[in-house]
Amino acid sequence: MTIEERQARLRWDGPDCLRVGGSRFLVALDGAPGTRATAERLILMKNKVMVDTFVEQAPDVVENIFDLGIFKGGSIAFYHELFVPKKLVGIELHPDRVKGLDQFLSAHSLGASVRLYYGTSQQDVRALSKILLREFGDQPLDLVVDDCSHKYEPAKASLNLLLPRLRSGGVYLLEDWGWAHWPGDHWQGSDHQYANELKPMSNLILELVMVAESRPGLISEVVIKNGAAYITRGPETDIEDGFDVSNAYLSAGRTILS
Ligand SMILES: C[S@@+](CC[C@H](N)C(=O)[O-])C[C@H]1O[C@@H](n2cnc3c(N)ncnc32)[C@H](O)[C@@H]1O
């Protein structure tokens, strides 16, 4: 599907009101506190610029998707409506299922193609490996979206497992990685949700940039745009077992990141 064809599937009735396919979304970066998702109106925790950029940066063919961070279910429903993938898997740390999303899935008979794992951390590599095997077998992934903890170690754990599983040309999207650099007293102060994180997620992005320069066959492109990092997988197939992004770049003997 071309970018234009994909864009044509989106109908904005206002900056926070989106229709895709037969579904309606409240697009709210704050997650619309106090508002429940329903099958008729899902809640997508993004804004219009993020959605438009995503549509422009996503790969041309998207059949297998791994979405990290379900929240109120908007991204799962959105990716289904936009791509109609063969398989869409979501994980979420919170153990409670999202009723509105379950109603959406049963209304569209998506029980087999959309598979959700609640009570599952992105850092639990054993659980993620089992899910990968059960849901995708040896099929490559086209798209991974990490919109989850936004913390360095958990994000790196799932990336080390999932980045090698992308097909050549597949995209790994890391959302909201830049919180340590956002301007304003709130984010530059000591009273926000990531204030105790010593190593911000930016370290992961910088590591990925260095991998792209050292091993273009593994990462062919890094695009930083509107709060997200889009990492495109190169054609390299023989990725080492136990891949670790922190050991996957050259530095001519220098210590670049502490
Ligand atoms: C920003 S929200 C996801 C928004 C959703 N993708 C959307 O676009 O509507 C992040 C979600 O990730 C979950 N989360 C946070 N840390 C996690 C972790 N370590 N593993 C799995 N999920 C986590 C949170 O509970 C929250 O529901």
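The values are calculated or read from the model by the stated rules, or taken from the named source; none is laboratory data. If you're wondering where the values come from, they're calculated on a predicted model, not measured in any experiment. No Cβ is skipped: glycine too gets one built from the backbone with ideal geometry, and neighbour counts run over all protein chains shown. Accessible surface areas use protein heavy atoms only, side chains included; no ligands, DNA or RNA. Shrake-Rupley method; radii C 1.70, N 1.55, O 1.52, S 1.80 Å.
Mind checking which aspartates and glutamates have their Cα closer than 14 Å to the Cα of K199? Skip sequence neighbours fewer than 8 apart in that chain.
Answer for K199, where 14 Å is the Cα cut-off: E153, E207, listed by chain and number.
When you count, for each residue, the other Cβ atoms within 10 Å and take the mean per peptide, how do 21-27, 66-72 rank with the highest first?
Details: 21-27: 17.9, 66-72: 23.1.
Peptide ranking by packing, descending: 66-72, 21-27.
All other residues with a Cβ under 13 Å from the Cβ of F25 taken together, and with Lys, Arg as +1 and Asp, Glu as -1, what is their net charge? Numbers along the way, then the final one.
Numbers: positive: R9, R11, R19, R24, R41, K46, K48, K72; negative: D13, D16, E40, E81.
Spelling it out: positives minus negatives among the neighbours equals +4.
Please report, to two decimal places, log10 I(q)/I(0) for region 23-71 at q = 0.16 Å⁻¹ as given by the Debye formula with identical point scatterers on the Cα atoms and no solvent.
So the normalised log intensities are -0.56.
Step through the table entries K48/K86; K87/K151; K130/K156; K99/K225, compare each Cα-Cα distance with 23 Å, and write down the pairs that go over it. Walk me through the numbers before you get to the answer.
Values: K48/K86 26 Å; K87/K151 27 Å; K130/K156 18 Å; K99/K225 33 Å.
In this structure, K48/K86; K87/K151; K99/K225 exceed 23 Å between Cα atoms.
Considering only protein heavy atoms, what per residue accessible area in square angstrom results for the chain with a 1.4 angstrom probe? It would help to have the intermediate numbers written out before the result.
On the way: 12290 Å² over 258 residues.
Computed with neighbouring chains in place, this is 48 Å² per residue.
Taking springs between alpha-carbon atoms closer than 10 angstrom, which of V223, V62, V51 fluctuates most in the Gaussian network model of the chain?
For the chain, modelled as a Gaussian network with Cα springs under 10 Å, the answer is V223.
Which residues make up the longest stretch of the chain clear of GluC sites (Glu not before Pro) that lie in a DSSP loop with no more than 16 other Cβ atoms within 10 Å, not counting the sites?
Counting at most 16 other Cβ atoms within 10 Å as exposed, the longest clean stretch of the chain is 41-196.
First compute the accessible area of the chain with a 1.4 Å probe, then give the percent of it belonging to carbon and sulfur atoms. Mind showing how you got there, number by number?
On the way: 6210 of 12290 Å².
The nonpolar share, carbon plus sulfur, comes to 51 percent.
Roughly how large, in nm² to one decimal, is the mean projection of the convex hull of the alpha-carbon atoms in region 47-247? Please report the intermediate quantities before stating the final value.
Working: hull surface 45.3 nm².
Over every viewing direction, the Cα hull of region 47-247 projects on average to 11.3 nm².
Using alpha-carbon pairs under 8 Å, 6+ residues apart, how would you state the relative contact order of region 47-247 in percent? Can you show the working numbers first?
Details: 335 pairs, mean separation 39.5, N = 201.
Over region 47-247, the number comes to 20 percent.
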